[in-house]
Every structure is written in structure tokens, then in C-alpha cells.
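The structure under discussion appears below in the form of C-alpha cells.
The values are calculated or read from the model by the stated rules, or taken from the named source; none is laboratory data. All values reported here derive from a predicted model rather than from experimental measurement. Positions of Cβ are backbone-derived with ideal geometry, glycine not excepted, and every protein chain shown enters the neighbour counts. Each accessible area value is taken on the protein alone, full model and side chains, heavy atoms only, with ligands, DNA and RNA left out. Shrake-Rupley method; radii C 1.70, N 1.55, O 1.52, S 1.80 Å.
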Amino acid sequence: MATTDNEEVDDYMSDAFLNTESVKDVRPGLLLTHEQQRLHNQMKKKKECQLINKVTGAKALEEQQRQEGLEKAIDSTNKGFSLLQKMGYKPGLGIGKNNCGIVEPIGIVLKTDRKGLGREAALKTIREMKKSIIRSRRSAEPSIGEYRERRAQEAAEKLDRLDLLRCQRVCRQMDLEQDIQEPSEKFFWPEEVSEVNTNEPKQEEDEEDVIPINEQLKILNFYLRHTYNYCVYCGTVYDDETDLMEGCPGPNRQDH
């Protein structure tokens, strides 16, 4: 009977290792002859190959058996299948009352990593959330007309702040001349910056923080016109209400 090349190598290596005259000691760390070193390396490689083939062979067999089990249809010996048949299920038809459900069973996804079971679903949801935010931001971008309108509003608010400051200074001066030591409304006078507790947060929201700047200006302008006959846009104190009505073009900046 003819022997294979591997068998010849095995016989040759076995004879060499059993021959005490040629191989006396092959323990690691000892000096070996060239022939002893060659035979030792061959035996080492053979053991490594056998170990690799054993591991890969077991994995391949396991994968093959798993695939065969998944491809094999469930028969009537399965308890779940028999219960479905008793409830009216027929192979090849969809499940449910009107046979409109799924025909094939849900596929099996093997999990081979150590990540959390819900991680992939959470990441998918997060990706959809990010896409939704990006779409909403893009759709919320103002048009050219809206952009121009916003810039016009910002410019108008800036003018209102300047006019309000002018009215506050005039109001404080005129109130003090009439021996009025406190403003009728807090926003009637310029805001005084206190050197004490400047970093202390406000406990309650001030009323003037709720009233918009343009409304504060409107209220203070009304106070100046009806109390002192003064028009901030004319820069004039009129003699009386009649003189104010006749000499002033109107109560707003646009009137001047």
C-alpha cells in the first residue's frame, strides 16, 4: 500500500526523534545541530497546522449545521407548527384571518459582537433625528424677503432704543426740575448701574423686560407730550397742548 508524502514525513520525523544517537535533547534553550533544528521546526509547524485545522473545522461544521437547520422547513412534528394548523393555517399561505400576513418566517440575525442589543436601533433613531433636524433647519432658512424684513426690524429697533434713551434723559431732567425724585415708571429714566451686587441675579422679572422697546417708547413719549408738552423728535417744549397740536407734525418719527 502506497503511503502519502505526509505519512513519509511523519515516519521520518518519528524515527529521527526516537534515534537517541542523533537527537539526544531538544529542550528549548539548548544548542541543536542543524538536522535537529530542522526536525524540531517541522514538528512544531505540524502541531500548529493540526490545531488550526481542528478549530476551523469545528467552526465550519457548526456553520454548516446552522445553515442546514435554517433552510429546513418546519414540519408537522413541530409543536408551534401543529398549533398553527389547528387554527387554520395552511403551508404556503399568509398568516392571519384573511391570509394577508407574512408567508415566510422572520429571518434570524446572528449577533457575534458584545454590543448592546438596542444599540443599533438607537443609533438608527439618532440618525433619523439628525436628518429631521437638518431638514427643518434648511426649511426654516428665511427667504430674501424675510431676511430684508428682519434686517429692517433690527434697524427700527435700534432707532427705538436711541429714541427711548433720549426720552429717558429728558424725562429725568424735567421730573427733577419739578422736584420729582423718582420716575413714575422704572423705564421712564435711564437705568442706573449699581456698583453693589451687580452680579446678583434678578429674583423676579421686571415689567419693562416684558414690555417691548417700541411700546416703552410709545408710553414714555405719551407721558412727555401730555405732561410737559415736549416732542422728542421736534426737540421743543411747546407752550401748551394747543401749541403742541398745531406746531408738531405728529407723535411718531415717521411724522417728522
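Among the residues that make up region 91-100, is at least one of them part of a helix (DSSP H, G or I), open to solvent by 100 Å² or more (accessible area, probe 1.4 Å) and either farther than 30 Å from E120 by Cβ or at pLDDT 75 or above (or both)?
To start, the set of residues in region 91-100 that are part of a helix (DSSP H, G or I) comprises none.
Scanning region 91-100 turns up no residue that is part of a helix (DSSP H, G or I), open to solvent by 100 Å² or more (accessible area, probe 1.4 Å) and either farther than 30 Å from E120 by Cβ or at pLDDT 75 or above (or both).
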Among the residues of region 130-184, count how many are among the hydroxyl-bearing types (S, T, Y) and surrounded by 10 or more Cβ atoms within 10 Å (Cβ to Cβ).
3
Does any residue in region 221-248 that is among the aliphatic types (A, V, I, L, M) come within less than 8 Å, Cβ to Cβ, of a residue that is surrounded by 15 or more Cβ atoms within 10 Å (Cβ to Cβ) and not in a helix (DSSP H, G or I) six or more places away or on a different chain, and which pairs are these?
L224/Y230; L224/C231; L224/V232; V237/N229; V237/Y230; L244/N229; L244/C231; L244/Y238
Does region 230-254 hold any residues that are open to solvent by 70 Å² or more (accessible area, probe 1.4 Å) and assigned to a strand (DSSP E or B), and which are they?
V237
Surrounded by fewer than 11 Cβ atoms within 10 Å (Cβ to Cβ), at pLDDT below 75 and among the aliphatic types (A, V, I, L, M): is that true of A58 in this structure?
yes
Cβ contacts < 9 Å: first residue touching a residue at least 40 places away in the same chain (Cβ under 8 Å), restricted to region 143-160; second residue of a type in the set (A, V, I, L, M, F, W, C), any location; separation 6+ or different chain. Result?
E157/I213; D160/I213; D160/L217
